Amino acid sequence: MLEHVPHWLGSLMHNVRAGHAKLAIVQDGIVTGDARLELSSLAFADGARLPERFTADGEGVSPPLTWRGVPAGTAALALLVEDPDAPAPNPLVHAVVWNLPPQDGSLPEGAIAPDGRGTDDGSDVGRNSYSQEGWLPPDPPTGHGSHDYVFQLYALDSAAALDINPGRSELLEAIRGHVIAAGMLVGTYSRGEEAPVGPATATQQVA
């Protein structure tokens, strides 16, 4: 959709961004401890450009993810992916996944997809900012500059009590006060700019 925004208009909106201070992971009461999860992808390095395959310019499937360091006492994991550089009042939500099994694990490429009432392991895919179930492929305005796509993984001390296919606000309400460890991975994407080349893999931990 936003690939049709003219380059000149995208450039004019360069400084119109939701802001990283509005990411869920830095909101009061979400992450209260120092325990860290290691979140990485075989498809891109932390801070590096997302391959086109995972965006609206390609196949638009979700990237593979791997995590380690899930602490004892974890009852479930939740994943939230946001774009704080979206020209909107709040970050754009690209994915919500909740009640992932409480252990080191992974999601294969394309796993964040509509799943109806969830999967056999009890996990479920929620709604993105377009009120659709599944992965919302990155689609930044042409000329708007680089956008960060922030993958946030939360280890919870109790399974989130949510209705089928929750959105961001429902997820945050359910996990507030229950996060015992968190991890973060950032991929970038832009249109109308030279694509930088980065290494293939990396991890990042929440400081």
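The values are calculated or read from the model by the stated rules, or taken from the named source; none is laboratory data. Nothing here was measured: the structure is a model prediction, and the numbers come from that model. The accessibility values were calculated without ligands, DNA or RNA, using every heavy atom of the protein model including side chains. Shrake-Rupley method; radii C 1.70, N 1.55, O 1.52, S 1.80 Å.
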Report the residue, chosen from Gln103, Gln27, Gln152, that carries the largest GNM mean-square fluctuation when the chain is represented by alpha-carbon nodes joined by springs under 10 Å. Gln27
Residue among Ala21, Ala56, Ala43 with the largest mean-square fluctuation in a Gaussian network model of the chain, springs linking Cα atoms under 10 Å: Ala21
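So what is the accessible area of region 10-145 per residue, in Å², with the probe set to 1.4 Å? Mind dumping the intermediate values first?
On the way: 5790 Å² over 136 residues.
Heavy-atom SASA per residue in region 10-145 reads 43 Å².
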Among (1) 33, 20, 15; (2) 27, 17, 17; (3) 29, 26, 20, only one was calculated for this model; which label is it, if the read-out is semi-axes √(5λ) of the Cα gyration tensor in Å? (2)
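Quick check: at a probe of 1.4 Å, how many percent of the accessible area of the chain sits on carbon and sulfur atoms?
Details: 4840 of 9320 Å².
About 52 percent, which is the carbon plus sulfur part of the accessible surface.
So what is the relative contact order for the chain, in percent, with contacts set as C-alpha pairs under 8 Å and at least six apart? Present the calculation step by step, with values, prior to reporting the outcome.
Numbers: 557 pairs, mean separation 67.3, N = 207.
Reported relative contact order: 33 percent.
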Of Leu136, Leu80, Leu23, which has the largest mean-square fluctuation in a 10 Å C-alpha GNM of the chain? Leu23
I'd like the distance between the alpha-carbon centres of region 88-129 and region 37-59, rounded to an integer number of Å. 16
Rg(Cα)/(2.2 N^0.38 Å) for region 71-157, N = residue count: 1.17
